[in-house]
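Everything below concerns the one structure shown next.
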Amino acid sequence: MRRLSVPVAASIVVLLAGCDALGIESAEKIAAARQADGRAIGSACRHAARAIEDCYAIYRKADRAAIFAGWRDMNDYMRENKIEPVAPQLAAQLGSGREAPSSERPAKE
């Protein structure tokens, strides 16, 4: 019985070493994903000409340090390559569907 238990135990150890295949994520993997998401958010905010403070306010759950790192990297990249920011189109589309401000409304008769 002892001869059989050693190879079985060794095979269990080998199988459990591959927990990534089971979908179990380690803390390091989760932290790396959060860092990458924050950098992507920061880069997108800079490319869309958003202020870093606005980016922090919009994406409260993201890591601020990662957002800033992405924003700074994109800022350097855009300056080096003389790329102009792209204005966000979503705000313009939402604004066109709203009612006119009270000063532009026709007076009631």
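The HN-Hα couplings worked out from phi for region 31-38 by the Karplus form 6.51 cos²θ - 1.76 cosθ + 1.60 (θ = phi - 60°) are 5, 5, 5, 5, 5, 5, 5, x Hz, whole numbers, x standing for Gly and Pro. Sparse packing (at most 13 other Cβ atoms within 10 Å of the Cβ) combined with a DSSP loop state is found for the following trypsin sites (Lys or Arg not before Pro) in region 17-90: 60, 61, 82.
About its Cα centre, region 24-83 has a charge dipole of approximately 140 debye under the convention of +1 per Lys or Arg Cβ and -1 per Asp or Glu Cβ, with nothing else charged.
Under a crude label model (7 Å from the Cα following the beta-carbon direction), how far is residue 76 from residue 31 in nanometres? Label-label distance for residue 76 and residue 31, simple model: 2.2 nm.
Readers should treat all values here as calculations from the given coordinates under stated rules, not as data from a laboratory. As the structure is a prediction and not an experimental result, all values here were calculated from the model. Quick reminder, even Gly has a Cβ in these numbers, built from the backbone with ideal geometry, and neighbours come from all protein chains shown.
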